[in-house]
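Any read-out appearing in this document is the output of simple, stated calculations on the displayed coordinates, not a laboratory observation. Please read these numbers as outputs of a predicted model, since none were measured by experiment. Here the Cβ is made from the backbone with ideal geometry for all residues, glycine too, and neighbour counts use every protein chain on show.
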Amino acid sequence: MEKPAKGMSLLVVEAGTPGYVKGRRLKKIGMHAQDTAELSFEDCRVPVKNLLGQEGQGFIYLMQKLQPERLVCAVAAQAAARRALEHTIQYCHERECFGRQIAKFQNTRFKLVEMMTQIEVSQSFVDRLVLEHAAGKDVTTETCMAKFWCTEMLKKVVDECLQFFGGYGYMLEYPIAKAYIDARVQTIFAGTTEIMKEVIARRTGI
Ligand SMILES: Cc1cc2nc3c(=O)[nH]c(=O)nc-3n(C[C@H](O)[C@H](O)[C@H](O)COP(=O)(O)OP(=O)(O)OC[C@H]3O[C@@H](n4cnc5c(N)ncnc54)[C@H](O)[C@@H]3O)c2cc1C
């Protein structure tokens, strides 16, 4: 095919269409509230009226929606990092070791302040992009930056937060453990960190 991007169309396939099979539910390490399953389409025929939009424009439609999806990932990672930190600060004031709250140790205070600063700095960037996107500005490059930056930041923040919970942090009954496993996929889905960097490099002519 000469122009593969032009050869893709979006079709609505109704449940129950012969050849459309919902496969096994995949077992993920996190995000258990969200099911992820294999779907297969074999000799599946759908009526012409099930074409979504125009023929041959499927790839363009998908590309157009990638940016809002990546911006949502950045916003969600930002919010998750903030929540994990708030939760950890509270715990550091409750937990006592050697007769002192762990929040009173200099290492704890410095780490918490470092994370607080990272979160505040990236919040300004994300807020700016949300406003610019809502105003119709093309923020594709910056959105890729925010997607990789915020999701990598989230991974680092939840890892450092979990450390303050000691052994409890490794127990699934503690929300920080769930935050840790749920964070892992954020740098993978909606475009990996490496692909975000590739897109940025290409768009900026590096
Ligand atoms: C829980 C979950 C939910 C998902 N939900 C959806 C969904 O709703 N819709 C959807 O369409 N997809 C979804 N995905 C798929 C997801 O978007 C892909 O897994 C992701 O984009 C990575 O693609 P891949 O798995 O094919 O990895 P690969 O492309 O095989 O990449 C493997 C590794 O190679 C690296 N790599 C690849 N190419 C390059 C390159 N050019 N330069 C440098 N490094 C490179 C990648 O960064 C990665 O580290 C989901 C995935 C998961 C895990």
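The trypsin sites (Lys or Arg not before Pro) of region 1-78 that DSSP puts in a loop, and whose beta carbon has at most 13 other beta carbons within 10 Å, are 27, 45. Projected label points at residue 40 and residue 135, each 7 Å from Cα along the beta carbon direction, are separated by 5.1 nanometres. What FRET efficiency comes out for the pair residue 79/residue 192, r = Cβ-Cβ distance, R0 = 22 Å, nearest 0.05? Calculated transfer efficiency: 0.55.
Derived from the Cα gyration tensor, the three semi-axes of the equivalent ellipsoid of region 10-52 are 26, 12, 7 Å, largest first.
With a simple spin-label model that places each label point 7 Å from the Cα along the Cα-to-Cβ direction, the separation between residue 64 and residue 163 comes to 4.6 nm. Of the trypsin sites (Lys or Arg not before Pro) found in region 106-174, those in coil by DSSP whose Cβ has at most 14 other Cβ atoms within 10 Å are 137.
When 1/r is averaged over all different Cα pairs and the result inverted, which Kirkwood radius in Å belongs to the chain?
On the way: mean 1/r = 0.0500 Å⁻¹.
Taking every pair of different Cα atoms in the chain, averaging 1/r and inverting gives 20.0 Å.
Cβ-Cβ distance of residue 104 and residue 173, R₀ of 25 Å, FRET efficiency by 1/(1 + (r/R0)^6): the value works out to about 0.45.
So which DSSP H runs in the chain come out at 24 Å plus along the axis (Cα) with average Kyte-Doolittle of at least 0.0? Walk me through the numbers on the way to the answer.
Values: long enough: 58-94 (53 Å, 0.04); 106-134 (42 Å, -0.11); 140-164 (36 Å, 0.07).
Taking the DSSP H segments of the chain (at least 24 Å long, mean hydropathy at least 0.0), we get 58-94, 140-164.
For region 2-91, the set of GluC sites (Glu not before Pro) satisfying both a DSSP loop assignment and a count of at most 14 other C-beta atoms within 10 Å is given as 2, 14, 42, 55.
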